[in-house]
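Okay, structure first, notes after.
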Amino acid sequence: MEGAGAYGGGKAGAAFDPISFVQRPQVILRAVNWLFAVIVFGCISSEGWITDPETKKEVCILNKDSSACNYGVGVSVIAFLASMGFLAGEYFFEQMSSVKTRKHYVLGDLGFSAFWAFLYFVGFCYLSRQWSKADTPPMNYGVSNMNASIVFSFFAIFTWGASAYLAYLRFKQGADAAFTAGFQDNVGGQPYDTNTFDQNYQEPPFSQRQMAEPNIYQEPTY
C-alpha cells in the first residue's frame, strides 16, 4: 500500500494501539509543550498585571511594558493550540495512506516547531530583560508567577527544538526511503547475475582451435 511505513509511521490502516501512542516521543514532547504553554500564559494572565497607584490603570509588572506581557501570553496561547493540533495530527498520522500527505505534515511540523523554539528564545530574553529592570511589586505580588513564566519559557526552547529535531529525523528517514525505492526501480530491482550471462553464452561457429590451425594447401593429383 502506498505510504505504508513512510516517514517513520506505521502501516496505514493498522489497528490503533493507545499504549504505543502515548509512549511515542513525538506525543510526549507535544504534551510537555502543551503543559509549558499553559504554565507560561497562566502565570502572566493571572498575576502579570497590577494597578498603577499613580495612573490607576493596569500595567504589566514587567517594567510596565505591556508588550512583554502580551508577547508571552500570545506566544504561549498559540503554542497551546498548536500542541493540541499536533497531538491530533500524531493520531491521524498512522491513517495517512498518502506519502505526500505525510511529507507535508512532517515539513509543517519541522518548520513550525523550529520557528516556535526561536520565538520562545526571543521571549525568554525579552521577559528576562524587562523583569530585571522592573521595580519589585508591593508585597512581592506576582514575583513567583513571573519567575515561573521566564523559567518555563526557557524550558520550552528545548522542548520545541527537540520536536523540530524529531521531525527532521522523520523527514530524513522518508527521503532516504524514497531515494532507495527510486534507485531500485531504475535498475529493475534485481542485481546483476554473472551466471545468467555465462549460461546464455554460446561458442562462436569457428572455434579458437580452428582459427589457430594454418590452412594447408594440397596440390591436386592428375
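The values are calculated or read from the model by the stated rules, or taken from the named source; none is laboratory data. Since this is a predicted model, take the numbers as computed values, not measurements. Neighbour counts are summed over all protein chains in view; Cβ atoms, including those assigned to glycine, are modelled from backbone coordinates with ideal geometry.
Quick notes on this one:
- Of SER128, SER97, SER149, SER83, all but one fail to be surrounded by 14 or more Cβ atoms within 10 Å (Cβ to Cβ) and outside any helix (DSSP H, G or I); the exception is SER97.
- Flag for LEU87 being under 19 Å from ALA167 (Cα atoms) and in contact (Cβ under 8 Å) with a residue 40 or more places away in the chain: yes
- Selected residue (criterion: surrounded by the fewest Cβ atoms within 10 Å (Cβ to Cβ)) from residues of the range 14-59 that are of a type in the set (Ser, Thr, Tyr) and closer than 28 Å to SER163 by Cα: SER20
- Residue list for the range 15-40, filter: modelled with pLDDT of 95 or more and among the aromatic types (Phe, Trp, Tyr): TRP34, PHE36
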